[in-house]
């Protein structure tokens, strides 16, 4: 159930999740999330 929730959360944020499993070595879970673009907003006092 936990992995299903993580998958839904990652995908709802626009990301992807991947699973790699190797016999005798275990399982690796990877996820990526998009980087948010931040727009700089200057306060009128800073503008001068």
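The numbers here are math on the coordinates, done by the rules we state, and not lab data. Fair warning: this is a prediction, and the values are worked out from it, not measured in the lab.
Entry note, the chain: relative contact order of 28 percent, from Cα contacts under 8 Å with a spacing of 6+ residues. Computed from Cα positions, the angle between helix 2-12 and the longest principal axis of the chain comes to roughly 40 degrees. So what's the projected area for the chain, the Cα convex hull averaged over all directions, in nm²? Here the figure is 5.7 nm², rounded to one decimal.
Per-residue ellipticity at 222 nm from helix content only, as computed over the chain with -39500 (n - 2.57) for each DSSP H run of at least four residues, stands at -8000 deg cm²/dmol.
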